[in-house]
Amino acid sequence: MTVKIIVCLKQVPARDAVLRLNAISTWIQETDINFEINEPDIYALEEALRLKEKLGGAVVVCSLGPARAQQSIKEALAKGADRALHLEDPAFEGLDPFGAARALAAAIQREKPDLVLTGLQSDDDGYAQTGVILAELLGVPHSTIIMEIQTDGKTLKVKRELEAGWFQWIELSLPAVLAIQSGINKPRYATLKGIMAAKTKTIEKLNLAGLGLTREAVAPRQKILKVYVPVKASRTQFLEGSPKEIAARLVDKLKNEARVV
């Protein structure tokens, strides 16, 4: 049995980019910096490609973002994805997780996939909510922080990472949405053959009207009011008393104030 897998992919500022706030301190200046594929999404793409190689089928990339996102889309196609959906519209700027999930859901519903993979969270916003909301809008089972996937195309068993080094195995029915944790696999590099093949692969552009949505449907329900750089400050304290008293106070401060012990 073959499977059709959708991978939701986001383009984010490069990890080595020098970030500066915009004039009104509501976000970073996005000019003159490099962008790349969101790290957890890279692992989600790799997992989809491995499932395709095992079971057969197709991998479709779905990316919501401005024109520059095509750079990341083409990279995914060069790695082995079959085609892509690019959701591009001025109305998609500044979406919160619900608005992004609603736009993605409208595009994905047309594809009728067997499995949808997202990264656990984005490196820029870090909400970790888009995949959860997407599953609810699609009306399918969902699980997060996935470290292993076992499927024959009919049944699905996944390994979730929990706190304190614990893991949990869960069985789900297909179709389903999974949020992939970084480190689940070792992502591949695009080959020269893959880069050349990507030039002939389809990138379908979809805007707000094409998805049958209105601005009100994707309007943000939450808003970032201010972004700021933490203030760095140093302070010296002199502890007085006997050596025993000083040691006790020092341990107390390390434990309860600095929280390093």
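Length gain on complete extension for the stretch ALA67 to LYS199, per 0.36 nm per residue less the alpha carbon to alpha carbon distance? Working shown, then result.
On the way: separation 132, 0.36 × 132 = 47.52 nm, distance 1.65 nm.
Extra length from ALA67 to LYS199 when fully extended: 45.9 nm.
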- [ ] Rank-order 31-41, 75-85 by packing density, defined as the average count of other C-beta atoms within 10 Å over each peptide's residues, highest first.
- [x] 75-85, 31-41
Open item on the list: Per 0.36 nm of contour for each residue apart, how much would the distance between PHE238 and SER173 grow if the chain were fully extended, relative to their Cα-Cα spacing?
Closed with: 17.2 nm
Task: Long-range amide H partners of GLU36 with built H, under 5 Å - done: VAL12, ALA14
Task: Positive-pole candidate from MET196, SER143, ALA248, dipole of the chain, charges at beta carbon - done: MET196
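Any chance you could list the semi-axes, whole Å, largest first, of the equivalent ellipsoid that the Cα gyration tensor gives for the chain, using √(5λ)? Don't jump to the answer; show the numbers that get you there.
Working: eigenvalues 300, 121, 68 Å².
Largest first, the chain gives 39, 25, 18 Å.
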TODO: Just order 210-221, 113-124, 155-166 by mean Cβ neighbour count inside 10 Å, highest at the front, would you?
DONE: 113-124, 210-221, 155-166
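Working out 0.36 nm times the residue gap between ALA23 and LEU55, then minus their Cα-Cα distance, what length gain in nm do you get to one decimal?
Details: separation 32, 0.36 × 32 = 11.52 nm, distance 5.04 nm.
Using 0.36 nm per residue and subtracting the Cα-Cα distance, I get 6.5 nm.
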Task: Pairs from LYS112/LYS199; LYS54/LYS199; LYS79/LYS159; LYS52/LYS226; LYS79/LYS205 whose Cα-Cα separation, in the structure shown, is over 32 Å - done: LYS52/LYS226
- [ ] Quick one: which residues, 5 or more positions from LEU85 or on another chain, have an amide H under 5 Å from its amide H? H modelled 1.01 Å from N in the peptide plane, none for Pro or chain starts.
- [x] VAL61, CYS62, SER63, GLU204
Task: Helix-only mean residue ellipticity at 222 nm for the chain, each DSSP H run of n ≥ 4 adding -39500 (n - 2.57), per residue, nearest 500 - done: -9000 deg cm²/dmol
Open item on the list: Once R0 is set to 41 Å, what does the formula 1/(1 + (r/R0)^6) return for the Cβ-Cβ distance between ASN207 and ALA258, expressed as a FRET efficiency to the nearest 0.05?
Closed with: 0.20
Task: Relative contact order (%) - region 3-218, alpha-carbon pairs under 8 angstrom, separation at least six - done: 26 percent
Open item on the list: Tell me which DSSP H helices of the chain clear both cut-offs, 15 Å or more of axial length from alpha-carbon atoms and a mean Kyte-Doolittle hydropathy of at least -1.0.
Closed with: 39-55, 97-111, 243-256
TODO: Please compute the net charge surrounding PRO13, taking Lys and Arg as +1 and Asp and Glu as -1 over other residues with Cβ under 9 Å from its Cβ.
DONE: -3
- [ ] Would you pull out the residues with amide H under 5 Å of GLN129's amide H, same chain only if 5 or more places away, H placed 1.01 Å from N?
- [x] none
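Values quoted throughout were computed directly from the atomic coordinates according to the rules given, and no laboratory measurement underlies them. Values in this document were obtained by computation on a predicted structure and should not be read as measured data. Cβ: placed from backbone, ideal geometry, glycine included. Neighbour counts: every protein chain shown.
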